[in-house]
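What follows is one structure encoded as structure tokens, with my remarks underneath.
The values are calculated or read from the model by the stated rules, or taken from the named source; none is laboratory data. Bear in mind that the values here come from a model prediction, so they are computed numbers and not experimental data. Positions of Cβ are backbone-derived with ideal geometry, glycine not excepted, and every protein chain shown enters the neighbour counts. Protein only, heavy atoms only, side chains kept; ligands, DNA and RNA dropped before computing areas. Shrake-Rupley method; radii C 1.70, N 1.55, O 1.52, S 1.80 Å.
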Amino acid sequence: MRQRLVLSYLSVAAVVLLVLEIPFAILTYRHERDLLVNQATQQATGIAVVVAQDVADRRQASLGDLVRRYHTEAGGEVLVISRSGTAAADSDLDAREDLALLRPQIRSALAGKTASAWLVEDGNPVVVAAVPVHGEAGDPEETALAGAVLVSVPADATYDRIHAMWIALAGFAVVILALTGLLGARIARDLTRPLAKLEHAVSRLGDGQLSERATPEGPNELRALARAFNGMAERIEDLVSAQARFVADASHQLRSPLTALRLRLENLETDVGGAAEESLGAAQREVQRLSRLVDGLLTLSRAEGDRPDREAVDVASVVEERVEFWEPLATERGVDIRLATTNLADPVMSLIPGDLEQIVDNLLANSLDATPEGGAIGVELCDTIAGVDVAIIDQGPGMSDEAIARAFDRFWQGGRPGSGGSGLGLAIVAQLAHRNGAEIELLPAPPRDPTASVAGGVRGGAPVGGADVGGPEPVHDAEGGEGRGLGPGLLALVHLRALES
């Protein structure tokens with residue numbers, strides 16, 4: 001917008017300069033030409049008065065001295081023509097050869113009329129003026145036309161002045177346009193600065209900073225717009241905060257009764273047997289699922305609230321730490337977690353502290369629940385143009401395209417049959433990734449190549465080998481028979497953006 005404003009100022013200034021300078025240049029050109037024509041005509045008229053008697057008496061010697069003296073002092077050329085049209089005296093030896101070029105002016109002068117013209121002689125511009133020569137006053141025969149005087153004045157100096165004037169006008173226009181551009185840039189900056197601040201406030205509000213407010217400044221229209229934005233932001237913050245407080249309070253209030261209920265059910269285990277024991281186990285599982293649901297709602301409400309400032313986070317260190325944390329549980333379930341990290345060009349990303357840990361924990365928990373005993377989970381970090389990809393691939397039953405499309409919906413549990421989850425894990429992951437400027441996607445695990453990386457099968461990354469989990473193959477039991485086969489697997493990719501400089 002600032003550029004458009006400056007261009008509009010420059011356009012207006014350019015139009016004004018063209019409207020003023022072009023007519024002025026044309027008038028200057030005509031004025032200089034008219035001055036030179038008048039000067040040549042006046043000189044020719046003066047010479048005609050002086051040589052009138054000599055032309056009438058045909059005293060060529062006196063005429064020759066006069067025209068040569070004029071040529072020496074004035075620098076112009078003079079040609080005196082008799083009534084018969086022949087040259088009586090001239091200051092230029094080649095004048096007789098140029099009579100054909102001057103015949104229109106000579107004929108006009110011999111007819112008693114003053115004539116002038118712009119000509120080019122030997123590549124140089126000249127002004128030619130021809131005036132009639134009358135006989136001596138008082139003698140009726142001599143008052144008739146005795147001849148004509150033709151004066152040729154060089155126009156080089158006049159053209160030089162015209163060109164200098166045009167150059168001065170062009171320089172003036174350049175200076176005016178430059179000053180207009182500088183002043184226009186200053187004015188445009190003053191006008192667009194409030195808009196830029198308002199745009200920044202809108203962007204921050206869109207990113208989840210609900211406490212962001214715009215400073216009313218600039219023209220009255222922008223001040224009114226900023227105040228309207230602040231009012232809207234306050235209403236949005238109140239609504240979102242009220243909803244988040246309700247979910248957080250409800251989740252918090254439900255945790256204590258659920259904990260007490262779980263303890264009471266555990267105390268009943270020793271007193272219940274038979275068919276009631278199975279019902280008691282089902283009740284305990286439902287209480288655990290409800291507890292996870294409440295915890296998920298509490299985490300999701302916190303993730304949707306105000307977003308803390310981002311900091312520099314070493315992605316490789318965080319992922320390695322979380323893999324080490326989950327390895328004992330994976331070993332207990334007979335699942336192997338394989339971590340592969342390349343020499344990352346820049347493992348430091350701009351993230352909210354603690355969010356990446358929750359993202360990796362949720363994805364590893366889902367993969368661990370889905371992968372059967374004897375399977376493996378691959379975790380890999382890969383460089384990308386924008387930053388770093390965290391790839392997690394399992395050997396679970398996989399998900400259909402329809403289930404993948406709805407996997408990030410809240411309370412959706414149709415992706416993994418029999419998972420028994422709360423349906424909030426991937427929703428929390430998506431929310432945490434969004435508020436960190438990251439992206440997450442789920443993909444069917446591609447057919448594995450022993451030399452391909454986890455992300456390489458989908459993104460074309462460089463092979464690293466260490467995280468390969470192999471393709472689907474049967475698991476052999478202790479007796480050598482085939483057990484249940486490993487599933488096609490699921491690939492989760494988290495795209496993290498590099499730390500902004």
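Within the group 410, 416, which residue is at pLDDT below 80 and open to solvent by 70 Å² or more (accessible area, probe 1.4 Å)?
410
Could you tell me whether any residue of the range 362-379 is closer than 18 Å to residue 320 by Cα and without any contact (Cβ under 8 Å) to a residue 60 or more places away in the chain?
Keep residues of the range 362-379 that are closer than 18 Å to residue 320 by Cα, which gives 362-368, 376-379.
Filter again for without any contact (Cβ under 8 Å) to a residue 60 or more places away in the chain, leaving 364, 368.
Yes, there is a match, as at least one residue in the range 362-379 is closer than 18 Å to residue 320 by Cα and without any contact (Cβ under 8 Å) to a residue 60 or more places away in the chain.
Can you name every residue in the range 13-46 that is open to solvent by less than 100 Å² (accessible area, probe 1.4 Å), without any contact (Cβ under 8 Å) to a residue 60 or more places away in the chain and farther than 26 Å from residue 131 by Cα?
Matches in the range 13-46: 15, 16, 19, 22, 23, 26.
Filter the range 144-160 down to residues that are in contact (Cβ under 8 Å) with a residue 40 or more places away in the chain and under 60 Å from the mean Cα position of the chain (by Cα), then give me how many there are.
Looking only at that region, the number is 3.
May I ask you to say which residue of 242, 214, 201 is open to solvent by less than 50 Å² (accessible area, probe 1.4 Å), closer than 28 Å to residue 435 by Cβ and touching an Asp or Glu at 6+ places or on another chain (Cβ under 6 Å)?
Being open to solvent by less than 50 Å² (accessible area, probe 1.4 Å), closer than 28 Å to residue 435 by Cβ and touching an Asp or Glu at 6+ places or on another chain (Cβ under 6 Å) holds for just one of 242, 214, 201, which is 201.
Identify all residues within the range 302-321 that are surrounded by 21 or more Cβ atoms within 10 Å (Cβ to Cβ) and modelled with pLDDT under 65; write none if there are none. Lay out the reasoning, then the answer.
Step one: filter the range 302-321 for residues surrounded by 21 or more Cβ atoms within 10 Å (Cβ to Cβ), giving 303, 313, 315, 318-319.
Result: 303, single match.
Kindly indicate the residue of the range 82-109 that is among the hydroxyl-bearing types (Ser, Thr, Tyr) and either open to solvent by less than 50 Å² (accessible area, probe 1.4 Å) or touching a Pro at 6+ places or on another chain (Cβ under 6 Å) (or both) and also modelled with the lowest pLDDT among those meeting that condition.
91
Yes/no per residue for (1) charged (D, E, K, R); (2) more than 17 Å from residue 491 (Cβ to Cβ); (3) crowded, with 17+ Cβ neighbours inside 10 Å:
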| residue | (1), (2), (3) |
| --- | --- |
| 337 | no, no, yes |
| 340 | no, no, yes |
| 352 | no, yes, yes |
| 355 | yes, yes, yes |
| 372 | no, yes, yes |
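Do we have residue 171 as under 26 Å from the mean Cα position of the chain (by Cα) and either at pLDDT 85 or above or not polar (S, T, N, Q) (or both) here?
No: the conditions fail for residue 171.
Only one residue in 226, 185, 214 is of a type in the set (A, V, I, L, M), under 25 Å from the mean Cα position of the chain (by Cα) and not in a helix (DSSP H, G or I), so which one is that?
Details: 226 fails: not in a helix (DSSP H, G or I); 185 fails: not in a helix (DSSP H, G or I).
So the residue among 226, 185, 214 that is of a type in the set (A, V, I, L, M), under 25 Å from the mean Cα position of the chain (by Cα) and not in a helix (DSSP H, G or I) is 214.
Looking only at the range 60-81, count every residue that is open to solvent by 70 Å² or more (accessible area, probe 1.4 Å), farther than 16 Å from residue 49 by Cα and at pLDDT below 75 and tell me the total.
3
Looking at this structure, is residue 277 in contact with a helix residue (DSSP H, G or I) (Cβ under 8 Å, 6 or more places away or on another chain) and at pLDDT below 75?
So residue 277 fails the test.
Looking at (1) acidic (Asp, Glu); (2) touching a residue at least 12 places away in the same chain (Cβ under 8 Å); (3) open to solvent by 60 Å² or more (accessible area, probe 1.4 Å), which is the one condition that is false for residue 389?
(3)
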